[in-house]
Amino acid sequence: MRKTLIFGNGLGMALDPGLFSLDDAIGRAWDGEGIFDQETRALVRCCLVDDGDTERPHGEDDLDALQLVVSSCDFLDRMSRGGAHWLSQHGQRFPAAVRKFLYQTALQFHQREVVLPIEFVGPLAAFLHDTQSHVATLNYDNLLYQRMIEAHVLNGYGGALVDGMLSGGFAPENLERKWGRTFGYYLHLHGSPLFVDQNETVRKLTQGELGGDDDVVGSHIVLTHVKHKPTVIAASPLLQSYWEHLELALAESEQVILFGYSGLDTHLNELLERRSPESIRVVEWVGAGEQDERETFWRKVLGKEPILNRMDSILAFTEWA
């Protein structure tokens, strides 16, 4: 039975809450050398809502404020091409600086030594080999991706799943099933710092290339407030293709498993309500809330009655079949 498995940031949080916390990653990028100069840091602080701690951005709400300022700067910069100069030289550099900061924040989830335990990876990889069920990820790390490569779940067209990334780069037709192939999809729904534009093609960097070029700024990373995520997705042909293939995956799946997903991405919830099969299983940390509260929450956001698995550690889950 083919399913669609959707993984959120809870996967990393179950492994190391400090390392995979968005706020902590923002802090590490903010303090990193060569990302922001003092003048740009001061300008960023002016964009933040004053909640008593404006030393640096904190979480998606502050990313929302930065996104609004960047969008405004981009608009004024486009207006200036007609001859009027609305932005100072520093203001013209601000959008690129913020995008570099977001790229470096996403990069923090890749720069780590911890890996998913084989006790979790083994049953999952076996299930994917057996069923060619689809995998979609919302997180920015390569925790699952690297393990699936090692398990040969991702192995070109010889693997159980394909993400459309070939040596020549990404193209939507790379996800087409030809010559009788029956592979499932591996979809990076919110992108990755691995994906960069080179020679008008989206290419996947190797892990060793990450962060090596100061000029690399990821344009295929959905690291912003939830209300801006659909706009960022729409601006990336790569991400658009992944979301289109998610609809195809849902259409041929008998069940959806939401794993370590907060339920807060309204653009995903709306798609699941419209397109997912009736059978949805949610696997989440028991600390997310009380049973009744969580059941009510999931019914509201999904428009369906899910099967709810609440666990002390979601990495102990093995009931994929």
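The values are calculated or read from the model by the stated rules, or taken from the named source; none is laboratory data. Bear in mind that the values here come from a model prediction, so they are computed numbers and not experimental data. We place every Cβ from the backbone using ideal geometry, glycine too, and count neighbours over all the protein chains shown.
Among the residues of region 186-207, are any of a type in the set (Gly, Ala, Ser), surrounded by 14 or more Cβ atoms within 10 Å (Cβ to Cβ), at pLDDT 85 or above and more than 19 Å from residue 112 (Cα to Cα)? Looking through region 186-207, none of the residues is of a type in the set (Gly, Ala, Ser), surrounded by 14 or more Cβ atoms within 10 Å (Cβ to Cβ), at pLDDT 85 or above and more than 19 Å from residue 112 (Cα to Cα). Looking across region 253-269, the residues that are at pLDDT 95 or above and either loosely packed, with under 14 Cβ neighbours inside 10 Å or aromatic (Phe, Trp, Tyr) (or both) come down to 254, 259, 261.
Pairs meeting the criteria (first residue in region 219-231 and over 12 Å from residue 190 (Cβ atoms), second residue among the acidic types (Asp, Glu) and assigned to a strand (DSSP E or B), beta carbons under 8 Å, at least 6 apart or on different chains) are 219/197. Of note, residue 233 does not satisfy the criterion of being at pLDDT 80 or above, surrounded by fewer than 16 Cβ atoms within 10 Å (Cβ to Cβ) and assigned to a helix (DSSP H, G or I). Annotation: of all residues in region 129-153 being free of Cβ contacts under 8 Å to residues at least 60 places away in the same chain and crowded, with 24+ Cβ neighbours inside 10 Å, the one that is nearest to residue 12 (Cα to Cα) is 148. The set of residues from region 276-288 being more than 17 Å from residue 305 (Cβ to Cβ) and either free of Cβ contacts under 8 Å to residues at least 12 places away in the same chain or out of contact with any Gly (no Cβ under 9 Å at 6 or more places or on another chain) (or both) comprises 286, 287.
Listed by position, the helices (runs of 4 or more DSSP H) inside region 1-105 whose residues that are within 30 Å of residue 184 (Cα to Cα), in the same structural domain as residue 276 (by TED's automatic domain parsing) and at pLDDT 80 or above number at least 2 are 10-15. Here residue 179 passes the criteria (1) exposed (fewer than 14 other Cβ atoms within 10 Å of the Cβ); (2) within 15 Å of residue 136 (Cβ to Cβ); (3) hydrophobic (A, V, I, L, M, F, W, C) except the one numbered (2).
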